[in-house]
Amino acid sequence: MILSEPLGIVSAQCAQFDTPLIFRSGAVLPRYELVYETYGKLNADKSNAILVCHALSGHHHVAGYYADDTKNIGWWDNMVGSGKPINTNKFFVLGLNNLGGCHGSTGPSSIDPQTGQPYGANFPVITVEDWVASQARLADLLGIRQFAAVIGGSLGGMQALQWSLTFPERVRHVLAIAAAPHLTAQNIAFNDVARSAILSDPDFHGGNFYRHHVVPTRGLRLARMLGHITYLSDDVMADKFGRELRDGKFNYSYEIEFEIESYLRYQGDKFASYFDANTYLLMTKALDYFDPAHDFGGDLNQAFARAQADFLVISFTTDWRFSPERAREIVRPLLHNRRNVSYAEITSTHGHDSFLMEHPHYFDVVRAYLDNVAGEFAA
Amino acid sequence: MTQNDITVLAAERPDFAAIAAWIPRGASVLDLGCGDGSLLRYLKKTRAVRGYGVEISDLDIVSCIANGVNVIQDDLESGLEDFEDGSFDFVILSQTLQATRYTEALIREMLRVGREGIVSFPNFGYWKNRLCVLRGNMPVSSELPYQWYDTPNVHLCTLHDFEMFCDRYQVAILDRRVMTGEREVNLLPNLLGSTAVYRFQRGV
């Protein structure tokens, strides 16, 4: 294990865009802001930049902590930093909060300058393609013509894949971790139940709950509880909670009895206290719509014919949300199109959440790959 | 990989040079059971091949990636379903044949995915191996470095055995090189050769 220094104090920045963004749906956002953080130094020819794309509940605070909030550590701090697999001594790492998010970038809870009210239900339904288009504008602003790599897990992995299709010449390497080339009917079904929980909460008010000064906490909590079940593996739940009872006995009531109930409700409450319900809806829809083969009659081989990047695809054995078999659906069209691609299947007990966990072999794979990427440009 | 590395590799693995001699520049190659990616690296350097390895071991996956070799983590024995028919010029099984469980199915898969197949394996008919068995023990050597109880080798064979196998399953042998160390063996190969390399295609 290579000893790594903590990344230390970081700070967020905000970029403003006044050129209208036309969404895939046809909707137009006249202006918007993206919050982002960067770590490491951009080299002279700006060839060492890595974009980290976040998943459903992620944001721009990828690594490090804030001077005024030292407990607020970035969501991928174990992976990104000095001497870490995504090594900030070599790479300039960029993380942003996606458009539609609720961590500072323009989203449903932001004020619509045309009405003076939060966008709420008026915020356009967004796709992975729209995110990539907005991320490219941020890259333009920072003078990054081509990313050394675009990296993401889960929904972030889908954005990384989309980069290779929307801007084939702007990304040299794609690392798609715990991802899939599209959602299955089962995945969409889970998302629909999550959305139904939010949409049917009386406090949702058709998405305009801000003006009623309420939050659809119950719906959001249920959505997160359901989601959380799909992020963990059966094994890890059995291991962590089993059939443990809080009181050590049955109480024959509907109060919290099993430890797993307590854990899920805690996770649900925590999430509902800070996450925006409209953002949750947008994120799950972006997941549902993602399907690069859609415009090619369902032919993923044809969809990936445009890609020019090299790829590293990683899956986790106990991930049943995006299983190893789904990751291989990404690998096959890359083989068909004779792209450089490596595929690693990591033995891990943590289910879909494995991509966020520190795991020596997983980290060795990412480190080995990125060390070679770093060898491609002058320091 | 430096010229020095290439020389060292060629000396350690004489089958590498034999395999490389059959592969034209720029060919596409799939290396099954590619280990740390040494053969692919060697072929990239000496033959400018475009290729992928298939490997199951976690440690080897990291080595391949560090060696800049494309590698797909998978179990050969479950088939090569990620690879399309006729998608490679050569499919190579280097020093792995003897450790495969479903050997016939794997050879068939090799010839589905590749135009030609190449295998290298230790010749169990080599006189030193025969002598060991005559003396009453299973052979242990540089080619067969395992004890009977810890060997991954389940399907050891002689040159004769492999050729009979090919005959039976309509595999057409195109070329053969037999070696002991770096020296090529032409006289009584099934007795005097320790390693065999075959190039083959689908028979009619």
Response to the item:
Among A:Val341, A:Val373, A:Val331, A:Val365, the single one that is under 22 Å from B:Arg50 (Cα atoms), open to solvent by less than 60 Å² (accessible area, probe 1.4 Å), out of contact with any helix residue (DSSP H, G or I) (no Cβ under 7 Å at 6 or more places or on another chain) and within 9 Å of chain B (Cβ to nearest Cβ) is A:Val331
Worksheet item: Do the conditions hold for A:Leu312, that is, is it open to solvent by less than 20 Å² (accessible area, probe 1.4 Å) and either modelled with pLDDT under 95 or outside any helix (DSSP H, G or I) (or both)?
Response: yes
Worksheet, complete the sentence: If we ask which residues in the stretch A:97-107 are open to solvent by 10 Å² or more (accessible area, probe 1.4 Å) and among the polar types (S, T, N, Q), their number turns out to be 1
Fill in: Enumerated helices (runs of 4 or more DSSP H) restricted to the stretch A:163-275, each holding at least 3 residues that are of a type in the set (S, T, N, Q) and more than 29 Å from A:Pro118 (Cβ to Cβ)
none
Discussion item. Can you say whether A:Ala293 is in contact with a Ser or Thr (Cβ under 9 Å, 6 or more places away or on another chain), surrounded by 15 or more Cβ atoms within 10 Å (Cβ to Cβ) and among the small types (Gly, Ala, Ser), as far as the supplied structure shows?
Written reply: no
Practice prompt. Determine if the stretch A:132-142 includes at least one residue that is outside any helix (DSSP H, G or I) and not charged (D, E, K, R).
Written response: yes
Discussion item. Please determine whether any residue of the stretch B:124-140 is open to solvent by 10 Å² or more (accessible area, probe 1.4 Å) and among the small types (Gly, Ala, Ser).
Written reply: yes
Item to complete: Test each condition in (1) open to solvent by 20 Å² or more (accessible area, probe 1.4 Å); (2) touching a helix residue (DSSP H, G or I) at 6+ places or on another chain (Cβ under 6 Å) for A:Gly242 and report the one that comes out false.
Response: (2)
Worksheet, complete the sentence: In the stretch A:51-82, residues that are open to solvent by less than 30 Å² (accessible area, probe 1.4 Å) and in contact with a His (Cβ under 8 Å, 6 or more places away or on another chain) total 5
Discussion item. Just the residues that are aliphatic (A, V, I, L, M), assigned to a loop (DSSP other than H, G, I, E, B) and open to solvent by 90 Å² or more (accessible area, probe 1.4 Å), please, taken from the stretch B:156-199.
Written reply: B:Leu187, B:Leu188
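Would you confirm whether any residue within the stretch A:167-189 is β-branched (Val, Ile, Thr) and closer than 13 Å to A:Ile50 by Cα?
Looking through the stretch A:167-189, at least one residue is β-branched (Val, Ile, Thr) and closer than 13 Å to A:Ile50 by Cα.
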Discussion item. Filter the stretch A:216-239 down to the residues that are closer than 25 Å to A:Leu199 by Cα and open to solvent by 70 Å² or more (accessible area, probe 1.4 Å) and list them by number.
Written reply: A:Arg218, A:Arg221, A:Leu222
Item to complete: Collect the residues in the stretch A:27-67 that are hydrophobic (A, V, I, L, M, F, W, C) and farther than 19 Å from A:Leu141 by Cα, keeping them in residue-number order.
Response: A:Ala27, A:Val28, A:Ala55, A:Leu56, A:Val62, A:Ala63, A:Ala67
Worksheet item: Do any residues in the stretch A:32-50 that are on the phi > 0 side of the Ramachandran plot and open to solvent by 10 Å² or more (accessible area, probe 1.4 Å) have Cβ atoms under 7 Å from those of residues that are modelled with pLDDT under 95 and in a strand (DSSP E or B), where the two are at least six apart or on different chains, and which pairs are they?
Response: none
Worksheet item: Inside the stretch A:14-27, can you point out the residues that are in contact with a strand residue (DSSP E or B) (Cβ under 8 Å, 6 or more places away or on another chain), open to solvent by 50 Å² or more (accessible area, probe 1.4 Å) and either touching a residue at least 60 places away in the same chain (Cβ under 8 Å) or within 21 Å of A:Asp276 (Cα to Cα) (or both)?
Response: A:Cys14
Item to complete: Please enumerate the residues belonging to the stretch A:108-143 that are surrounded by fewer than 21 Cβ atoms within 10 Å (Cβ to Cβ), in contact (Cβ under 8 Å) with a residue 12 or more places away in the chain and among the aliphatic types (A, V, I, L, M).
Response: A:Ala121, A:Val125, A:Ala133, A:Ala136, A:Leu138, A:Leu141, A:Leu142
Discussion item. Condition first: open to solvent by 50 Å² or more (accessible area, probe 1.4 Å) and either at pLDDT below 95 or within 13 Å of another protein chain (Cβ to nearest Cβ) (or both). Now tell me which residues in the stretch A:351-362 satisfy that.
Written reply: A:Pro360
Worksheet entry | From B:Tyr52, B:Tyr42, residue being among the aromatic types (Phe, Trp, Tyr) and surrounded by fewer than 24 Cβ atoms within 10 Å (Cβ to Cβ) | B:Tyr42
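The values are calculated or read from the model by the stated rules, or taken from the named source; none is laboratory data. Quantities reported herein were computed from a predicted structural model and do not represent experimental measurements. Cβ sites come from the backbone with ideal geometry, for glycine too, and all protein chains shown count toward neighbours. Side chains are part of the model used for accessible areas, which takes the heavy atoms of the whole protein and leaves out ligands, DNA and RNA. Shrake-Rupley method; radii C 1.70, N 1.55, O 1.52, S 1.80 Å.
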